[in-house]
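To keep things clear, I will list the structure first and then write my remarks on it.
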Amino acid sequence: MTANAKRISLTQYLVEEQRLHNTVPGELRLLIEVVARACKTISHAVGKGALGEVLGSAGIENVQGEVQKKLDVLSNEILLEANEWGGHLAAMASEEMETIHPIPNRYPMGEYLLLFDPLDGSSNIDVNVSIGTIFSVLKAPEGMVTPTEEDFLQPGAKQVAAGYAVYGPQTVLVLTTGDGVNCFTLDREMGSWVLTQRNMQIPVDTKEYAINASNARHWYPPVQRYINELQQGKTGPRGKDFNMRWIASMVADVHRILNRGGIFMYPADAREPNKPGKLRLMYEANPMSFIVEQAGGAATNGTQRILDIQPESLHQRVAVFLGSKNEVEHVTGYHRDA
Ligand code: AHM
Ligand code: MG
């Protein structure tokens, strides 16, 4: 974006999207704007680091048995507080909370459900590496009176919006409402989100992959075969050299893939046969899969399109293969052959 180019704010973008394509009703726009505002507050806290006394462990475990960092807890509180009073939500669910958070009685209840991973990439918080927030928006089922966990258990294909913020060298917000993917950069001086990339597209082919290779000995045969072939480079069956990147923050890995292509994998492995991977379907895989598909990429769990999975529980885990379409189809094919 050149210095003189006309700046389009998130608000203007959403209003025009509604006017032109009818995809962002007023209530949904308000909801997205409140989430974006909360991300601004989180970005500010992250940016203070040690000066804000926000680093380190909070000394408690979350529902998944993971030790929560102070910033995990703070980000969760920021999102809950910001979204309680607006009147557009019926309930929220978070990776950091055991069960759902209904909107308190003192506020009006709206028709949307919001899910989030308040601070993704927790292992990178204390070492000043990019982290982020991931969110997903569903419509509450028709006729719902009091929200329950079951109301959230809708396949990802039902999402009406999804997005993530990356707190990195720049703070960016990537958003889809089902009509392509756009990126907004936080203007830190003005405090506003400015549209900086329209209609992001993931190249269908790539020479870059992302996987935590320290788990290689535990991988199942289809993943072993796929990675082994990538690593053989030009003289191997794939006939080209591949490069590897692993940030250990899904938000940052997915953001790279949206910008220049690649495949991101977090497979199930043989360590815990009953645990299908590390990542959570509702807070991580579904929103990212919606974004990736809207940018022309693909997302599967090895055998099935992630957005078609019928969730069985709020904190369910899932294997994830997403990014450049041809590579995702390649590794999915190896699972189907197995
Ligand atoms: P978190 O939500 O607790 O931060 O965990 C999810 C993160 C992803 O962002 C990332 O892709 C993955 O866990 C990294 O896992 P690993 O520690 O195996 O590298
Ligand atoms: Mg996460």
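Could you please let me know if ILE32 is surrounded by 13 or more Cβ atoms within 10 Å (Cβ to Cβ), in contact with a Pro (Cβ under 8 Å, 6 or more places away or on another chain) and in contact (Cβ under 8 Å) with a residue 12 or more places away in the chain?
Against the criterion (surrounded by 13 or more Cβ atoms within 10 Å (Cβ to Cβ), in contact with a Pro (Cβ under 8 Å, 6 or more places away or on another chain) and in contact (Cβ under 8 Å) with a residue 12 or more places away in the chain), ILE32 does not qualify.
Restricting the search to the range 201-232, which residues are over 19 Å from VAL328 (Cβ atoms) and part of a loop (DSSP other than H, G, I, E, B)?
Of everything in the range 201-232, just one residue is over 19 Å from VAL328 (Cβ atoms) and part of a loop (DSSP other than H, G, I, E, B), namely GLN232.
Where residues in the range 59-72 are touching an Asp or Glu at 6+ places or on another chain (Cβ under 7 Å) and not polar (S, T, N, Q), which of them is farthest from ligand 1 (Cβ to nearest atom)?
VAL63
Out of all the residues in the range 11-31, which are over 20 Å from LEU89 (Cα atoms) and of a type outside the set (S, T, N, Q)?
Across the range 11-31, the qualifying residues are TYR13, GLU16, GLU17, ARG19, LEU20, HIS21.
Being touching a residue at least 24 places away in the same chain (Cβ under 8 Å) and either crowded, with 18+ Cβ neighbours inside 10 Å or within 24 Å of GLY191 (Cβ to Cβ) (or both) is true for just one of LEU51, LEU114. Which residue is that?
LEU114
Would you pick out the residues in the range 128-150 that are more than 15 Å from LEU74 (Cβ to Cβ), aliphatic (A, V, I, L, M) and within 16 Å of ligand 2 (Cβ to nearest atom)?
Here is the first cut: in the range 128-150, the residues more than 15 Å from LEU74 (Cβ to Cβ) are 128-130, 134-150.
Retained after the next criterion (residues that are aliphatic (A, V, I, L, M)): 129, 134, 137-138, 140, 144-145.
Listed by number, the residues that qualify are VAL129, ILE134.
Residue under question is GLY86, and the condition is that it be more than 10 Å from ligand 1 (Cβ to nearest atom), small (Gly, Ala, Ser), surrounded by fewer than 24 Cβ atoms within 10 Å (Cβ to Cβ) and touching a residue at least 24 places away in the same chain (Cβ under 8 Å); does it hold?
For GLY86, the condition - more than 10 Å from ligand 1 (Cβ to nearest atom), small (Gly, Ala, Ser), surrounded by fewer than 24 Cβ atoms within 10 Å (Cβ to Cβ) and touching a residue at least 24 places away in the same chain (Cβ under 8 Å) - is met.
As an exercise: evaluate LEU307 against (1) surrounded by 19 or more Cβ atoms within 10 Å (Cβ to Cβ); (2) closer than 15 Å to ALA162 by Cα; (3) in contact with a Gly (Cβ under 7 Å, 6 or more places away or on another chain) and give the number of the one condition it does not meet.
It fails just one condition, (1).
One line per residue, one yes/no per condition, for (1) surrounded by fewer than 22 Cβ atoms within 10 Å (Cβ to Cβ); (2) among the acidic types (Asp, Glu); (3) outside the structural domain of ILE291 (by TED's automatic domain parsing):
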| position | (1), (2), (3) |
| --- | --- |
| ASP126 | yes, yes, yes |
| THR148 | yes, no, yes |
| LYS158 | yes, no, yes |
| GLN170 | yes, no, yes |
| VAL174 | no, no, yes |
| THR177 | no, no, yes |
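Kindly provide the set of residues from the range 258-277 that are at pLDDT 95 or above and within 16 Å of ligand 2 (Cβ to nearest atom), ordered by number.
Passing the criteria: PHE264, MET265, TYR266.
Quick one: in the range 99-146, which of the residues that are assigned to a helix (DSSP H, G or I) and hydroxyl-bearing (Ser, Thr, Tyr) is nearest to ligand 1 (Cβ to nearest atom)?
Filtering first and then ranking leaves SER122.
Considering only residues of the range 227-257 that are surrounded by fewer than 20 Cβ atoms within 10 Å (Cβ to Cβ) and charged (D, E, K, R), which is farthest from ligand 2 (Cβ to nearest atom)?
LYS234
Can you name every residue in the range 1-36 that is basic (Lys, Arg) and touching a helix residue (DSSP H, G or I) at 6+ places or on another chain (Cβ under 6 Å)?
Hit for the range 1-36 is ARG29, nothing else.
The values are calculated or read from the model by the stated rules, or taken from the named source; none is laboratory data. A quick note: this is a predicted structure, and the numbers were derived from the prediction, not measured. For neighbour counting, all protein chains shown are included, and Cβ atoms are generated from backbone atoms with ideal geometry for every residue, glycine included.
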